[in-house]
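Here is the structure we will look at.
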Amino acid sequence: MEKRFKKEALIIVNKELAFQNLEKEKRATALIMANNELAFQNLEKEKRAAELIIANKELKFQNQEKENRAAELIIANKELVFQNLEKEKRAAELIIANKELLFQNKEKENRAAELIIANKELAFQNKEKENRAAELIIANEELLYQNKEKENRAAELIVANLELKKAEEYQIEYIKGLEEMMFMTSHKVRQPIANILGLSYLLHHQLLNSPDDLKESLDFIKQSALNLDTFTKELTQFIFNLGEKGKLCLNKNISDI
């Protein structure tokens, strides 16, 4: 009779072990799916990093073009200064010529009139050149503003890259913690529970005949409960440490920025 009961208990324990193996397979499948999702996310992040590299190259090219334009504007400004200097020299020569015209005849007066017209044309040209100089100043200010905006965008891209890298590191650390927690749960929780369930079944069906067997079973249940309590404390501490790692990673990310 006792052998039959032990055999039935052994069958129950085997069924429980089979159930545990099935649960482990399900968890392994879930872990594989999580790893696949992580690989997909990493691929997306690599694509975003490649896009950021292309954007940085385009930004560098645009800055080079603007520097070239600025150099051309500087050359144009120097040419304008040179032309104004030449015009001032010509104006001085015209003044001398006007004084000389005071001593000439009617023909020279006509020539003086022509010079007056030329002076008006010269004044008009100078006015136009002053307008062009003002436009160049406005263009230079706009160029400085655009360069400042591009520098700001480049700084934002650097911050975004840092945040992306820190988030990826934290995610990898968190997944490792979850995997370790799942391993601890499957190996340290299921075994005491299986022991308690098996002995509870024996006690419920009164399969233990002697007081010694009953005492030994109760001691075994107590030990399994203590093991379960110890692991519960370890699991609580592990979860707390995992949270502290996350806070530390976040604080490090903020300080790096």
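Tally up the residues in region 147-176 that are more than 17 Å from the chain's Cα centre (by Cα), charged (D, E, K, R) and over 30 Å from Phe231 (Cβ atoms), please.
Of the residues in that region, 4 qualify.
Can you tell me which residue among Glu107, Glu88, Glu114 is part of a helix (DSSP H, G or I), loosely packed, with under 12 Cβ neighbours inside 10 Å, charged (D, E, K, R) and at pLDDT 90 or above? Working first, answer last.
On the way: Glu107 fails: at pLDDT 90 or above; Glu114 fails: at pLDDT 90 or above.
Exactly one residue qualifies, and that residue is Glu88.
Between a residue in region 80-105 that is of a type in the set (Asp, Glu) and any residue that is surrounded by 13 or more Cβ atoms within 10 Å (Cβ to Cβ) and at pLDDT below 85, which pairs come within a Cβ distance under 9 Å, given they are 6 or more apart or on different chains?
Glu100/Lys108
Is there any pair with a first residue in region 174-197 that is closer than 15 Å to Ile221 by Cβ and a second that is modelled with pLDDT of 75 or more and among the β-branched types (Val, Ile, Thr) whose Cβ atoms are under 6 Å apart and which are 6 or more apart or on different chains, and what are they?
Within 6 Å, the pairs are Ile196/Ile221.
With respect to Leu248, determine if the residue is at pLDDT 80 or above, assigned to a helix (DSSP H, G or I), closer than 30 Å to Gln41 by Cβ and under 28 Å from the mean Cα position of the chain (by Cα). Spell out the reasoning first.
On the way: at pLDDT 80 or above: no; assigned to a helix (DSSP H, G or I): yes; closer than 30 Å to Gln41 by Cβ: yes; under 28 Å from the mean Cα position of the chain (by Cα): yes.
Spelling it out, it is not the case that Leu248 is at pLDDT 80 or above, assigned to a helix (DSSP H, G or I), closer than 30 Å to Gln41 by Cβ and under 28 Å from the mean Cα position of the chain (by Cα).
Condition (residue is farther than 30 Å from Leu197 by Cα and out of contact with any strand residue (DSSP E or B) (no Cβ under 6 Å at 6 or more places or on another chain)) applied to region 16-33: is it met by at least one residue?
Going residue by residue through region 16-33, those that are farther than 30 Å from Leu197 by Cα are 32-33.
Narrowing the set further to residues that are out of contact with any strand residue (DSSP E or B) (no Cβ under 6 Å at 6 or more places or on another chain) leaves 32-33.
Yes, that holds for at least one residue.
Is it the case that region 203-226 has a residue that's surrounded by fewer than 13 Cβ atoms within 10 Å (Cβ to Cβ) and hydrophobic (A, V, I, L, M, F, W, C)?
Taking every residue of region 203-226 in turn, at least one turns out to be surrounded by fewer than 13 Cβ atoms within 10 Å (Cβ to Cβ) and hydrophobic (A, V, I, L, M, F, W, C).
Could you check Tyr170 against (1) closer than 30 Å to Glu37 by Cα; (2) exposed (fewer than 12 other Cβ atoms within 10 Å of the Cβ); (3) not small (Gly, Ala, Ser) and say which number it fails?
(2)
For the subset of region 4-55 comprising residues that are more than 22 Å from the chain's Cα centre (by Cα) and polar (S, T, N, Q), which member is modelled with the lowest pLDDT?
Within region 4-55, the match that is modelled with the lowest pLDDT is Asn14.
Can you spot a residue in region 56-72 that is under 22 Å from Asn126 (Cβ atoms) and either modelled with pLDDT of 90 or more or surrounded by 13 or more Cβ atoms within 10 Å (Cβ to Cβ) (or both)? Break it down stepwise before answering.
Initially, region 56-72 is screened for residues under 22 Å from Asn126 (Cβ atoms), giving none.
No, region 56-72 contains no residue that is under 22 Å from Asn126 (Cβ atoms) and either modelled with pLDDT of 90 or more or surrounded by 13 or more Cβ atoms within 10 Å (Cβ to Cβ) (or both).
Out of the residues in region 177-235 meeting the condition of being among the aliphatic types (A, V, I, L, M) and over 55 Å from the mean Cα position of the chain (by Cα), tell me which one is modelled with the lowest pLDDT. Reasoning before the result, please.
Of all residues in region 177-235, those among the aliphatic types (A, V, I, L, M) come to 178, 181-182, 184, 189, 193-194, 196-197, 199, 202-203, 207-208, 214, 218, 221, 225-226, 228, 235.
Add one more test, that the residue is over 55 Å from the mean Cα position of the chain (by Cα), and what stays is 202-203, 207-208, 214, 218.
On the way: Leu202: 74, Leu203: 73, Leu207: 67, Leu208: 61, Leu214: 76, Leu218: 82.
That would be Leu208.
The values are calculated or read from the model by the stated rules, or taken from the named source; none is laboratory data. Since this is a predicted model, take the numbers as computed values, not measurements. Glycine gets a Cβ as well: all are built from the backbone with ideal geometry, and neighbour counts include every protein chain shown.
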